[in-house]
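In what follows, a structure is listed as structure tokens, so that the remarks can point back to it.
The values are calculated or read from the model by the stated rules, or taken from the named source; none is laboratory data. Note that the structure is predicted; figures quoted are calculated from it, not measured. Because the Cβ atoms are built from the backbone with ideal geometry, glycine has one as well, and the counts that use them run over all protein chains shown. Heads up: the accessible areas ignore ligands, DNA and RNA and are worked out on the full protein's heavy atoms, side chains in. Shrake-Rupley method; radii C 1.70, N 1.55, O 1.52, S 1.80 Å.
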Amino acid sequence: MEIRDVVILGSGPAGMAAAVTAADYGITPLVIDEQPTPGGQIYRAIERTPLRERSLLGLDYWYGEALVKGLKDTRIDYRPATSVWQLTRQRELGLLQNEHADMLQARYVILATGAMERPFPIPGWTLPGVMTAGSGQILLKSSGVAPQAPLVLAGTGSLLLLLAAQFLRVGVPIAALLDTTPPGRYRQALPHFPGALRNSRTLVKGLGLLRELRRAGVRHVKHVTALRAEGEGKLQSVTWQCHGQGKGETLEASTLLLHQGVVPNTQITRALDCVHEWDTQQLAWRPRLDEWLRTDVEGIAVAGDGGGIVGARAAELQGRLAALGAVLSLGCIQPDQMVSEANRLRRRLARETAIRPFLDTLYQPTSQWRLPADDTLVCRCEEVNAGEIRHMAELGCRGPNQTKSFTRCGMGPCQGRMCGLTVSELLADANGQSVEETGYYRLRPPFKPITLGQLAGAVRKDECQRES
């Protein structure tokens, strides 16, 4: 089996920065990414997007050019369009590229797998025409494709404001922006504002987006408390109700983009059985990490949003720090030779993430959006609704794995990515216990679909390499 010193999963800001740093310390890192081009979600398709006018997607997007350029260093082995279907606690990796499976052994693995959008289950969210805001942005960046009008955006979080501004810049009218941030949330976030000033660049950017939407005359409906997507066979209208209003309102719509923040992608760290913690501020699971971003599994580290939501610039800094940890763990350098560099990175990281308590408080989704009504579908793959999950709790199911056995909830192609968080919170609420006590799905490889033929080919290749 091929042995590599450092394998990095993901070529977003954390993965690219980790690769460059490892190369600078004499290590040839292997970077694996299932996307055909580098950049992750934040810098998606930066080399080939048809929207070359820089003002359309914004300067923060084009900041990623320098990182992508760094990945072209000949000391870095970059393999795009490659999926990871297995990673063991002994750091054996199973890869799939061009229908061919392969196995390799890593001495150190940095997971830079980023974040995924928080589930936003509302009535009608499975109708054609309803997507996540992240999906809408991927289409825009990758192909310059704009959603069909009338377009409605709904939810909370800074991505929603950015996406609305980007659509306006490419000439897509927005019928309404339905803001689910509850009344009083700015007041709750205010104590964290002095800390947020340490990252004034992000604050100024957010205020600029709000001004841009206001100047364009976008209908910004605040304090939305109820939301429903409606239509026969496809989305035809969106109905909502606001705080303190007894009567709802309906708007014709062909596209509804939903968003209520992002959460760490913990699919692989869960499968590795790493120790995880429930973040009460971000309302999400994250792996427990040490000062070098190492998990409790030897030789496995996490950099970027996969270890807790930090944002793109902070993810880049974490990538560099995780690479230093790898270099140190592999004995390529003595600790005292990198103290100043590590301390410099940690100071910059503290400044960059100082805004998180403010943002996490301001945009924390309320329970009504995380705990849907009984008739709302929760598991889209197996068509299980919230009422069935609550019924499982009444029958005595205390955690998601018991519930999965009875309902198949979480056993579909997405392996619980879309429903896992909602199921844990529903069970916790119904059983009157904490989410930590409730737990999460027990995940196992393969992380991605792989045929028996491809699996057999990987085993034969490994046996031939052992014999030669």
- Taking all protein chains as present, what is the carbon and sulfur share of the accessible area of region 425-468, in % to the nearest whole number, probe 1.4 Å? 52 percent
- Could you give the nm distance between label points at GLN188 and ARG54, where each point is 7 Å from its Cα heading toward the beta carbon? 3.9 nm
- Could you please state how large a percent of the accessible area of region 315-369 is carbon and sulfur, counting protein chains only and using a 1.4 Å probe? 47 percent
- Query: Just for the chain, what percent of DSSP beta bridges are antiparallel, to the closest 5?
  - Reply: 50 percent
- Where Lys and Arg each count +1 and Asp and Glu each count -1, what net charge lies around VAL297 among other residues with Cβ under 9 Å from its Cβ? 0
- Task: Quick one: grab the alpha carbon gyration tensor of region 291-379, order the square roots of its eigenvalues as a ≥ b ≥ c, and give me rounded if a/c is under 1.5, else prolate or oblate depending on whether a/b is larger than b/c.
- Result: oblate
- Item | Pair ASP24, ARG169: separation of 7 Å Cα→Cβ label points (nm) | 2.9 nm
- Message: Skipping prolines and chain starts, which residues have an amide H placed within reach, meaning under 5 Å, of the one on LEU87, given they are 5 or more residues away or on another chain?
- Response: GLY94
- Message: Please list ASP273, ASP279, ASP77 from largest to smallest accessible area, probe radius 1.4 Å, with all protein chains kept in place.
- Response: ASP273, ASP77, ASP279
- Expressed in square angstrom to the nearest 10, the accessible area of MET1 with a 1.4 Å probe stands at 50 Å²
- Task: Mind jotting down the distance between the C-alpha centroids of region 69-126 and region 183-257, whole Å?
- Result: 33 Å
- The answer for VAL378, listing residues at least 5 apart or on another chain whose modeled amide H is closer than 5 Å to its amide H, is VAL384, ASN385, ALA386
- So what does TYR78 come to for accessible area, using a 1.4 Å probe and Å² rounded to 10? 60 Å²
- In sequence order, calculated HN-Hα J values of region 338-344 (Karplus, 6.51, -1.76, 1.60; Hz; x Gly/Pro): 10, 4, 5, 5, 5, 5, 5
- Per residue, accessible area of the chain with a 1.4 Å probe, heavy atoms of protein chains only, in Å², comes to 44 Å²
- Message: Just to be sure I understand: if I project the alpha-carbon convex hull of the chain onto a plane and average over all orientations, what area do I get in nm²?
- Response: 23.3 nm²
- Express in Å², to the nearest 10, the accessible area of HIS220 obtained by rolling a 1.4 Å probe over the protein heavy atoms while all chains stay in place. 60 Å²
- Query: Total Lys pairs in the chain closer than 23 Å by alpha-carbon, pairs eight or more apart in sequence or interchain only?
  - Reply: 7
- Take HIS276, HIS243, HIS192 and sort them by solvent-accessible surface of the protein heavy atoms, 1.4 Å probe, largest at the top. HIS243, HIS192, HIS276
- Task: Report, to the nearest whole %, how much of the accessible area of region 80-231 belongs to carbon and sulfur atoms, 1.4 Å probe, protein only.
- Result: 55 percent
